[in-house]
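Take a look at the structure below.
The values are calculated or read from the model by the stated rules, or taken from the named source; none is laboratory data. Note that the structure is predicted; figures quoted are calculated from it, not measured. Note: ideal-geometry Cβ built from the backbone for every residue, glycine included; neighbour counts use all protein chains shown. Note: areas computed on protein heavy atoms with side chains; ligands, DNA, RNA excluded. Shrake-Rupley method; radii C 1.70, N 1.55, O 1.52, S 1.80 Å.
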Amino acid sequence: MTHLEDPGRGKSLIEKYRNRFEESGPQEPVSHDEAAEIFSAYLKLERRLARIARISDAFQSELQELKGDLEHLSRTDPLTGLANRRDIRERLEAEQSRCHRNGKVFSLIMADFDYFKRINDKYGHAAGDNFLVAVAQTFQANLRKEDCCARWGGEEFLILLPETEPENAVKTAEKLRKIIAGYALELQGNAIGATLSFGISTYRENEDIDACIAKADEALYQAKNRGRNQSVLYGVSV
Amino acid sequence: MEILHIEGTRSTPEIHFDPVDRVLRIAGESYPENSFAFYQPLQAWIAEFLSENSGAVVLNIGLSYLNTGSTKCLLDILDLFEEAFVTGRDITVDWHCDRDNDRAVEAAEEFAEEVTMPFNIIPINEFP
C-alpha cells in the first residue's frame with residue numbers, strides 16, 4: 001500500500017509508535033515489517049514537508065512581488081510616472097546628508113506651466129493630462145540619471161540636481177525651458193504649444209530642506225512676474 | 001448534523017459546510033496566527049461528518065493566499081477526504097484559482113498531486 005492508497009496511515013503509525021516509544025523507550029526492538037512501515041511513513045512525511053515548503057515558497061514569492069509593486073506605486077505619480085512628493089522628499093533628505101558629509105551642494109528647479117488652465121478650458125482635461133505626460137517624459141529624457149524629477153503639484157514639477165552648482169542648474173533649467181517652448185502637442189488636428197516658468201535655488205549648508213524649496217518657489221514667482229517662460233535663480237536680480 | 005458556518009475575516013477564509021447538500025466551501029485568504037487552532041474545529045467536524053454520513057461530497061475551494069500552517073492544515077483536510085475516497089466514497093475537489101497566475105496554478109497542482117480523488121482546477125472568474 002502506498003501513502004496515496006491510505007493517507008491516514010502515516011498519522012496512525014506515528015501515533016502507534018509514539019505511544020510505544022514513550023512507554024518503553026527506544027530499546028524496544030521493532031520487527032522487520034514494522035521498520036519497513038516506519039520507513040514508508042517517514043518517506044511520506046518527508047515528501048509532504050517538501051511539498052508544504054514548495055507551496056509556501058510560491059505564496060511567499062508572490063507576496064514579495066506584490067510588495068515591490070506597492071513600494072513602487074507608493075513612490076510614483078500615477079499620471080506621469082514621475083516620482084511623487086514622498087519619493088523626492090526622501091531623496092532630498094539623503095542629498096542633504098550627503099552635502100553635510102562632502103560639502104557639495106545640490107540645486108532645485110521648480111517648474112510650473114504658464115496658463116495651464118487655458119489648455120484645460122480650451123481642449124479639455126485629457127489634453128491637459130497629455131501635456132503633463134509629454135513634459136514629464138521630456139524632462140526625464142533630458143536630465144542626468146542621478147537627477148530626480150517629481151510631480152510636485154497639479155502642474156508643478158520639482159527637479160533635484162545632486163552635486164550641482166547654481167550656474168549649471170540655470171543651464172539645465174534653460175535647456176528644459178527651450179525644449180518645451182519649441183514643442184507642439186498634436187491634438188484634435190491642432191498643434192498646441194505651451195511654456196513653463198522655472199525657479200532655481202541652491203542648497204546651502206545647514207539649510208532646512210523646506211527653506212530651500214521655498215527659495216525655488218520664490219524664484220519661480222519672480223519668473224512669473226517678469227513675464228513667464230523664463231528661468232530665475234533665487235537671490236539674483238536682473 | 002448542523003450547518004457549519006465560519007464567517008470570513010481579513011486573515012481567515014469563510015467556511016461553509018451544509019451536511020444536506022454536502023458541499024464544503026472554503027473561500028478567501030488564510031493566514032491566521034495559529035492555523036492549527038483555526039482549522040482544528042473544521043477537521044473535527046469533517047471527521048465526524050465522514051463517519052456518520054455516506055453521500056457524495058464536493059469541496060469547493062478558492063484560497064488566494066495560504067500561509068505555511070494553513071497549507072499543512074489544508075493538506076490534512078484533503079487527507080481526511082482522500083481516506084474516505086479510497087474506501088469508495090464519491091468526493092470531488094473543485095479548486096478555484098487565477099489561471100493567469102503561474103504560481104497559483106503550480107500551488108494548485110501541488111495540492112492535486114497529493115490526492116487521487118478527482119481534482120479540478122477551475123479559473124477564478126467562474127467561482128460561484
Over region B:111-128, the set of residues part of a loop (DSSP other than H, G, I, E, B), at pLDDT below 90 and either within 13 Å of chain A (Cβ to nearest Cβ) or open to solvent by less than 60 Å² (accessible area, probe 1.4 Å) (or both) is B:F127
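Does A:D121 satisfy being at pLDDT 95 or above and over 23 Å from the mean Cα position of the chain (by Cα)?
Criteria not met by A:D121.
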Assess whether B:R10 counts as being within 14 Å of another protein chain (Cβ to nearest Cβ) and part of a loop (DSSP other than H, G, I, E, B).
-> no
For B:E82, state whether it is closer than 25 Å to A:L66 by Cβ and assigned to a helix (DSSP H, G or I).
-> no
Please verify whether region A:213-235 includes one or more residues that are modelled with pLDDT of 95 or more, more than 18 Å from A:F113 (Cα to Cα), out of contact with any helix residue (DSSP H, G or I) (no Cβ under 8 Å at 6 or more places or on another chain) and among the acidic types (D, E).
-> no
Could you tell me whether region A:217-236 includes any residue that is open to solvent by less than 40 Å² (accessible area, probe 1.4 Å) and free of Cβ contacts under 8 Å to residues at least 40 places away in the same chain?
-> yes
Collect the residues in region B:85-98 that are aliphatic (A, V, I, L, M) and in a strand (DSSP E or B), keeping them in residue-number order.
-> B:I91, B:V93
Could you list, in sequence order, the residues of region A:192-209 that are among the hydrophobic types (A, V, I, L, M, F, W, C) and surrounded by 15 or more Cβ atoms within 10 Å (Cβ to Cβ)?
-> A:I192, A:A194, A:L196, A:F198, A:I200
Selection count where residues are part of a helix (DSSP H, G or I), of a type outside the set (D, E, K, R) and within 12 Å of another protein chain (Cβ to nearest Cβ), scope region B:43-77 = 11
Might you check whether a residue that is of a type in the set (A, V, I, L, M, F, W, C), within 18 Å of A:R47 (Cα to Cα), within 8 Å of chain A (Cβ to nearest Cβ) and open to solvent by less than 70 Å² (accessible area, probe 1.4 Å) occurs anywhere in region B:88-110?
-> yes
Mind listing whichever residues of region A:160-191 are among the aliphatic types (A, V, I, L, M) and either buried (at least 16 other Cβ atoms within 10 Å of the Cβ) or over 27 Å from the mean Cα position of the chain (by Cα) (or both)?
-> A:L160, A:L161, A:A169, A:V170, A:A173, A:L176, A:I180, A:A181, A:A184, A:L185, A:L187, A:A191
Of the residues in region B:1-16 that are farther than 21 Å from B:S51 by Cα and either among the hydroxyl-bearing types (S, T, Y) or crowded, with 16+ Cβ neighbours inside 10 Å (or both), the one that is nearest to the chain's Cα centre (by Cα) is B:P13
Which condition number in (1) touching a residue at least 60 places away in the same chain (Cβ under 8 Å); (2) assigned to a helix (DSSP H, G or I) is the one that B:A27 fails?
-> (2)
